[in-house]
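Just below is one structure, and these are the notes that go with it.
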Amino acid sequence: TDKYCVIGNPIAQSRSPEIHAVFAAQTGQDISYERCLAPIDGFADTIRQLVAAGYKGSNVTVPFKLEAARIATRLTERARAAGAVNTLAYRDGEIVGDNTDGAGLVADIVRNAGVALAGKRVLMLGAGGAARGVMLPILAEGPRALVVANRTRATADELVAQFASLAGGCSLSACNFEDIAAPFDVVINATSASLGGTIPPIPAVTFCQDTLAFDMMYAKNPTVFMEFAAAHGATTRDGLGMLVEQAAEAFTVWRGVRPETQQLLKDMRSKL
Ligand code: ATR
């Protein structure tokens, strides 16, 4: 039995153990996966203990994703671009840091929602860690334009500058919320505003009948962002699929087999 865990503080709320248990059963992989509460000032020590105990990998959640990127002895390209790590693999004496959040987001939008990003106009709301974490995989899909809108304009400018060399043929730019003047094909809410039950002050013209409005948050009921987007004609989607898909990507990184996600996503939705 190969051992894995999810590390955070707090950690009791994590859905990852149930998700990976389903993946393991479905693919016949002999693994264990548990929750691991690391002290706020004890993340590095916790990793050392896990490696010494023969663990094969960990997921990393709040508040350790940045520290995990510093501790890793090697980073994947997408983890380096994200500046954060949500998946660690302990192999061959190395601590490999990866980030599967962007791949999870893209898989949920493209495969599960059936909305291609190639050639589309995409709007990112927010320019913090959640936004940065998914920029590279979105750009890799080849959108026509990617606009980053943020409350603090300077943060959006910095994010755009950081990814300018990775944009390829995509028009990458920053703006203020009030600058938005035409509908986007895909709008991704990567602000933490939904947590507080508020939405970024974006105009109704952001959305049209053809817009997919995606919120990285999820809850039993639609978020205020989803309700606003739906009221202006958009199709909406919350972050539950992204959660399941980032886990599937981590499982694939560790085990080399890709689990099915559709039934699990349905089951988790019905139990929210
Ligand atoms: P996370 O890791 O969740 O991205 P973060 O790095 O602190 O957390 O970033 C939070 C993001 O949500 C930022 O883009 C922030 O905007 P600012 O850069 O202006 O702070 C955005 N945000 C948080 N609360 C918001 C609100 N009430 N309205 C609009 N944007 C908000």
> Does the stretch 221-234 contain any residue that is polar (S, T, N, Q) and outside any helix (DSSP H, G or I)?
Replying inline: yes
> Is at least one residue of the stretch 188-206 among the polar types (S, T, N, Q), assigned to a helix (DSSP H, G or I) and away from the ligand (no atom under 14 Å from the Cβ)?
Replying inline: no
> Taking the condition at pLDDT below 95, under 22 Å from the mean Cα position of the chain (by Cα), more than 9 Å from the ligand (Cβ to nearest atom) and not β-branched (Val, Ile, Thr), does Gly142 pass?
Replying inline: no
> Tally time: how many residues in the stretch 173-222 are in contact (Cβ under 8 Å) with a residue 60 or more places away in the chain and among the charged types (D, E, K, R)?
Replying inline: 1
>> With the structure loaded, tell me whether Arg237 is touching a residue at least 60 places away in the same chain (Cβ under 8 Å) and surrounded by fewer than 23 Cβ atoms within 10 Å (Cβ to Cβ) or whether it fails that test.
In response: no
> Within the group Tyr55, Tyr33, which residue is away from the ligand (no atom under 16 Å from the Cβ), of a type in the set (Ser, Thr, Tyr) and either over 20 Å from Arg258 (Cα atoms) or free of Cβ contacts under 8 Å to residues at least 12 places away in the same chain (or both)?
Replying inline: Tyr55
>> Quick check on the stretch 177-197. Is at least one of its residues small (Gly, Ala, Ser) and touching a Ser or Thr at 6+ places or on another chain (Cβ under 6 Å)?
In response: yes
>> Just the residues that are more than 14 Å from the ligand (Cβ to nearest atom) and not in a loop (DSSP other than H, G, I, E, B), please, taken from the stretch 111-139.
In response: Arg111, Asn112, Arg121, Val122, Leu136, Pro137, Ile138, Leu139
>> Given (1) touching a helix residue (DSSP H, G or I) at 6+ places or on another chain (Cβ under 8 Å); (2) of a type in the set (D, E, K, R); (3) closer than 22 Å to Arg80 by Cα, identify the lone condition not met by Asp30.
In response: (3)
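The values are calculated or read from the model by the stated rules, or taken from the named source; none is laboratory data. Everything quoted here is computed from the prediction, not taken from an experiment. Here Cβ is always computed from backbone atoms with ideal geometry, including for glycine, and neighbour counts include all displayed protein chains.
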